[in-house]
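Inspection log for the structure reproduced underneath, given as structure tokens.
The values are calculated or read from the model by the stated rules, or taken from the named source; none is laboratory data. Since this is a predicted model, take the numbers as computed values, not measurements. Because the Cβ atoms are built from the backbone with ideal geometry, glycine has one as well, and the counts that use them run over all protein chains shown. Surface areas here come from the heavy atoms of the whole protein model, side chains and all, with no ligands, DNA or RNA. Shrake-Rupley method; radii C 1.70, N 1.55, O 1.52, S 1.80 Å.
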Amino acid sequence: MRTQVAIIGAGPAGLLLGRLLERHGIEAVILERRSGDYVLSRIRAGVLEHGTRELLNACGVGERMEAEGLPHEGTEICFDGVSHRIDFRALLGREVMVYGQTEVTRDLMAARAASGAVTIYGAEDVALHDLDGSAPRVTYRKGGASHELTCDVIAGCDGFHGVSRRSIPADKLRIFERIYPFGWLGVLVDEPPAAPELIYAHHQRGFALCSMRSATRSRYYIQCPEDTDLDAWTDDLFWDELRRRLPQAVAEALRTGPAIEKSIAPLRSFVAEPMRYGRLFLAGDAAHIVPPTGAKGLNLAVSDVQYLAMALAEHYRDQSNAALDAYSARALSRVWKAERFSWWMTTMLHRFPAFSSFERRMQVAEFDYLRGSVAASTALAENYTGLPT
Ligand SMILES: Cc1cc2nc3c(=O)[nH]c(=O)nc-3n(C[C@H](O)[C@H](O)[C@H](O)COP(=O)(O)OP(=O)(O)OC[C@H]3O[C@@H](n4cnc5c(N)ncnc54)[C@H](O)[C@@H]3O)c2cc1C
């Protein structure tokens with residue numbers, strides 16, 4: 001088989017890139033290791049930046065998001081029981097959209113199926129070849145048979161554990177990484193949220209987050225040690241611990257029920273530079289990871305593929321490689337700012353076992369400054385709702 005762009009991975013990055021390329025009349029085939037149902041079963045991000053929302057609308061997949069999503073004009077930051085609301089609308093005239101990653105993925109899958117563009121699910125043993133030449137190839141197995149896809153360009157959108165980044169010779173990549181000594185234990189429940197907006201809470205026992213996916217489905221997280229045994233956390237234990245870490249009024253308003261999903265996510269900051277090797281371009285989690293505290297992971301995947309789609313459009317339309325050559329630097333400039341923000345939010349709000357009394361005082365001072373300064377609150381709002389692309 002031959003195509004113009006071979007996309008590895010049908011997560012948000014791969015599916016949105018496929019959609020954007022389709023709008024530019026560029027053909028792409030997506031190869032996904034898992035089934036479509038499996039991809040849709042992964043509960044992940046839920047907060048869309050202002051620009052992500054605009055892009056989804058601009059490429060014709062925003063209708064359900066606008067009807068069912070929850071626009072949020074602010075968020076609450078709590079520190080040892082003291083609350084400070086960041087008012088996005090008042091500070092910047094903007095808002096974010098709460099709409100689950102699973103729903104974004106579902107909408108993109110439906111649009112792709114309707115347009116007849118090819119997605120091959122269950123593609124096993126995907127391997128990338130001849131990346132540094134002019135005719136890259138991808139091989140894979142499906143239904144017991146071997147297949148080959150030739151193309152002009154490969155987009156590596158296959159997440160942190162995918163094959164794309166690993167196909168780049170180690171001496172051509174620079175890796176920057178921080179692994180945090182804790183994770184997030186998350187519970188999804190079919191109950192209305194405890195509060196109308198997200199609540200990020202610092203507490204002596206550890207961080208907690210009240211989030212939601214819809215008006216009737218809530219997502220809660222508590223910071224947990226990195227070696228936590230998921231099975232040891234019954235629903236009751238989780239709710240008791242969450243209540244302890246929330247302001248009293250929120251704890252009292254919390255509506256609990258049986259967990260419909262429970263999982264532990266490790267926290268990591270990671271960047272691989274550059275985001276290109278020959279004809280392979282990395283996008284999304286394949287190139288970088290942020291701790292979820294700043295709600296940036298999915299949004300970064302979106303801005304990467306926005307840049308990549310524009311660069312590929314220029315390549316095919318004007319026979320120019322200028323934007324493709326600038327892709328990595330352009331994407332990384334935004335990636336590093338989101339890395340900084342996610343690291344900063346994580347550092348201010350979590351309990352770090354090894355922190356000294358000085359570092360704990362720094363956390364208090366960060367929150368105090370945020371509470372007392374319109375400039376500091378505006379900076380948070382600007383980063384949270386999304387820096388310009
Ligand atoms: C448990 C968890 C919770 C998260 N929570 C949040 C959150 O609350 N807020 C937030 O902003 N972000 C969150 N994130 C991050 C966010 O979900 C990611 O940043 C986002 O999914 C990135 O999209 P992507 O398309 O780059 O990668 P992915 O969504 O990982 O998609 C990659 C796709 O490639 C496929 N693939 C992998 N290897 C291969 C291969 N060899 N061949 C073919 N296909 C392959 C995978 O099956 C997958 O479908 C979370 C991530 C995780 C793991």
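Data for the structure
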{"item": "Test: residue in the range 165-180 that is surrounded by 14 or more Cβ atoms within 10 Å (Cβ to Cβ), within 13 Å of the ligand (Cβ to nearest atom) and under 30 Å from Ser357 (Cβ atoms)", "result": "no"}
{"item": "Options Ile26, Ile86; residue that is away from the ligand (no atom under 16 Å from the Cβ), in a loop (DSSP other than H, G, I, E, B) and aliphatic (A, V, I, L, M)", "result": "Ile26"}
{"item": "Single unsatisfied condition, Ile43 versus (1) in a loop (DSSP other than H, G, I, E, B); (2) open to solvent by 30 Å² or more (accessible area, probe 1.4 Å); (3) more than 15 Å from the ligand (Cβ to nearest atom)", "result": "(3)"}
{"item": "Selected residue (only one of Val153, Val126, Val187 is modelled with pLDDT of 95 or more, within 11 Å of the ligand (Cβ to nearest atom), among the hydrophobic types (A, V, I, L, M, F, W, C) and more than 24 Å from Arg64 (Cβ to Cβ))", "result": "Val126"}
{"item": "Among the candidates Thr75, Thr52, residue that is open to solvent by less than 50 Å² (accessible area, probe 1.4 Å), in contact with a helix residue (DSSP H, G or I) (Cβ under 6 Å, 6 or more places away or on another chain) and either in a helix (DSSP H, G or I) or touching a residue at least 40 places away in the same chain (Cβ under 8 Å) (or both)", "result": "Thr52"}
{"item": "Failed criterion for Glu95 (all others in (1) open to solvent by 10 Å² or more (accessible area, probe 1.4 Å); (2) closer than 21 Å to Met275 by Cβ; (3) at pLDDT 95 or above hold)", "result": "(2)"}
{"item": "Subset of the range 133-164 [exposed (fewer than 14 other Cβ atoms within 10 Å of the Cβ) and under 29 Å from the mean Cα position of the chain (by Cα)]", "result": "His161"}
{"item": "Segments classed as strands (runs of 3 or more DSSP E), wholly inside the range 135-209, with at least 2 members that are closer than 29 Å to Leu17 by Cβ", "result": "137-142, 145-150, 153-156, 174-189"}
{"item": "Sole exception among (1) within 16 Å of the ligand (Cβ to nearest atom); (2) without any contact (Cβ under 8 Å) to a residue 12 or more places away in the chain for Gln319, by number", "result": "(1)"}
{"item": "Flag if Thr52 is more than 21 Å from Ser115 (Cα to Cα), of a type in the set (Ser, Thr, Tyr) and more than 9 Å from the ligand (Cβ to nearest atom)", "result": "yes"}
{"item": "Any hit, the range 238-248, residues being under 24 Å from the mean Cα position of the chain (by Cα) and crowded, with 18+ Cβ neighbours inside 10 Å", "result": "yes"}
{"item": "Residue count for the range 279-290, restricted to those that are outside any strand (DSSP E or B) and either more than 9 Å from the ligand (Cβ to nearest atom) or surrounded by fewer than 24 Cβ atoms within 10 Å (Cβ to Cβ) (or both)", "result": "1"}
{"item": "Checklist (1) under 24 Å from Arg23 (Cα atoms); (2) surrounded by fewer than 18 Cβ atoms within 10 Å (Cβ to Cβ); (3) under 25 Å from the mean Cα position of the chain (by Cα) applied to Ala114, failing item", "result": "(3)"}
{"item": "Criterion (surrounded by fewer than 22 Cβ atoms within 10 Å (Cβ to Cβ) and in a helix (DSSP H, G or I)) met by exactly one of Ala354, Ala338, Ala309, Ala326", "result": "Ala326"}
{"item": "Index of the failed condition, Ala127 passing every other in (1) surrounded by 13 or more Cβ atoms within 10 Å (Cβ to Cβ); (2) in contact with a Ser or Thr (Cβ under 6 Å, 6 or more places away or on another chain); (3) assigned to a strand (DSSP E or B)", "result": "(1)"}
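Residue-by-condition table, conditions (1) farther than 25 Å from Phe355 by Cβ; (2) within 13 Å of the ligand (Cβ to nearest atom); (3) crowded, with 18+ Cβ neighbours inside 10 Å:
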site: Glu191; (1), (2), (3): yes, no, no
site: Cys210; (1), (2), (3): no, yes, yes
site: Arg217; (1), (2), (3): yes, no, no
site: Tyr220; (1), (2), (3): no, yes, yes
site: Thr228; (1), (2), (3): no, no, no
site: Ala232; (1), (2), (3): yes, no, no
site: Glu261; (1), (2), (3): yes, yes, no
